[in-house]
Structure formats: C-alpha cells, structure tokens
Amino acid sequence: MKILTAIWNFAKKHLPSERTMWFAIVAVLVVAVWLGIARNKKLYSEYENCVRNNKAYAAQLGTEKAKSDMFAMSIEQLKCYGDSVTQKLIETKDKLGVKDKEVKQLQYLVSTFKNSDTVFLTDTVFKDPEFKLDTIIGDKWVNTRVVLEYPNMVGVEPEAVSEKNVVIYSKRETIDPPKKFFLCRWFQKKHTVIKVVVDEKNPHIKSQENMFFEIVK
C-alpha cells in the first residue's frame, strides 16, 4: 500500500490528470503482477517442501532403514514440531551455542548392535532340572542378556545402542590465525567454515575418527 500511495502522489504532482489516471492504473497492474509472482514463488517453494517432507515420511515407514529422504523445514517449524527427536536436536544446537541462522543441517542417527551366542558344555553344569536363569547385566546403552539352563546351556546376547545428534553449521573465521587484540581481528580477512559436531549420547562409545567432505562444483 505504501508503494501505491507513493506512486499516486508522484503522478498526481508531476503529470496531468488524465495521464495521472493511466499512470496510476499501469503502476497498480505492475505492482499487482510483481506481488503475484512473488506470492506464487513462495507458495511453490512451500509446496515443494511439503512434497519432500511427505516423501521423507513415506521413506521412514519403509523397510529399508539405511536409506532416508531429507526433511526440509525451518528452525521455527522444528521448534513447533514438538516430537522427542526434534527436541533433542534443538537442545543440542542450543547447548553448542549455535545461532538459528548459522544452522545448515540437523541430523539424528540411532543404530543398535545385537548378537547372540549359545554354548552347550560337554558336562552337566547345573544339577537342578528346574534350574533356569535369565537376566540382563548392564544399562540402557550397553547390556548383555545371560541365560543359564539345565543341564549345560549357557547363552549370551550382547546389545549396544548408539544415538547421535549431528549439527552442521556455518561460522565466519579469520583466514590467518586470529590476532590477540580484538580490534586487530576486526580487520582480518575472514571466510565461511562449515562445522560438523557429532554428539554421541552413549557414554561407552568413544569417537575414533570423523571425516566430512563438501563436494564443490
């Protein structure tokens, strides 16, 4: 409305009345078309994001868990989403002190290791025919199920859970080592660096090596 008012005042002041009317009509049409194009681009972008998110949901429901489609959401949408996964990602981002505008990607990865082995000893180890022990040793991150049963059966089933929150964000840093005095740092040349933080929740798992490549074209 402010744009149209400014155009009308300019035309009314500098052009004859008939020209003013036609100028105003053309200006209104041009502004309306411009606003319509901008609105259409925004709606189409939102439509594309909805399609991507629907495909990502469908992929999650599939059986091939190792392959997933990436969701397309803003930080504001994630904050309103409200499920446990997005809450964990937002909490990790905030704990790292990463600003919303710096975030490039948020990732949540969960994997479970589980195996079972059973040994039948040659001798009778348990004398009581009614004997059977089935217990779990450990915690929610790493545990082992132990099964002992008459007369000579020993079974173990270890399980480990890895839960990772991954935050990928951009940060402006000095190209050369930063100067100690802050005024000097203001005039140093800077570039954008992509940071990747992998927050492993399992306290028993220690990261050995992480490498990330951004393919530039």
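Coordinate-derived values only; no laboratory data. Computed from a predicted structure; not experimentally measured. Glycine also receives a Cβ, built like all others from the backbone with ideal geometry; neighbour counts cover every protein chain displayed.
Quick rundown of the values:
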| item | result |
| --- | --- |
| Lys189 paired with Ser207, simple spin-label distance in nm, labels 7 Å along Cα-to-beta-carbon | 3.0 nm |
| Between the stretch 174-217 and the stretch 110-160, the alpha-carbon center distance in angstrom | 45 Å |
| Over 27 Å (Cα to Cα) - which of Lys164/Lys195; Lys164/Lys217; Lys79/Lys201 fall in this group | Lys164/Lys217 |
| Rounded to whole Hz, the Karplus (6.51, -1.76, 1.60) HN-Hα couplings of the stretch 208-217, x for glycine and proline | 9, 7, 10, 10, 9, 10, 9, 7, 9, 10 |
| Cβ-based net charge around Tyr150, under 11 Å, with every Lys or Arg adding one and every Asp or Glu removing one | -1 |
| Interchain or long-range residues, amide H under 5 Å from Ala72's placed H | Asn53 |
| Approximate spin-label separation Lys88-Ser111, in nm, with each point projected 7 Å along Cα-to-Cβ | 1.5 nm |
| Per-residue Cβ neighbour rank within 10 angstrom, fewest leading, Arg185, Arg145, Arg172 | Arg172, Arg185, Arg145 |
| Cleavage-rule hits (GluC sites (Glu not before Pro)) in the stretch 106-205: DSSP loop, at most 16 neighbouring Cβ within 10 angstrom | Glu130 |
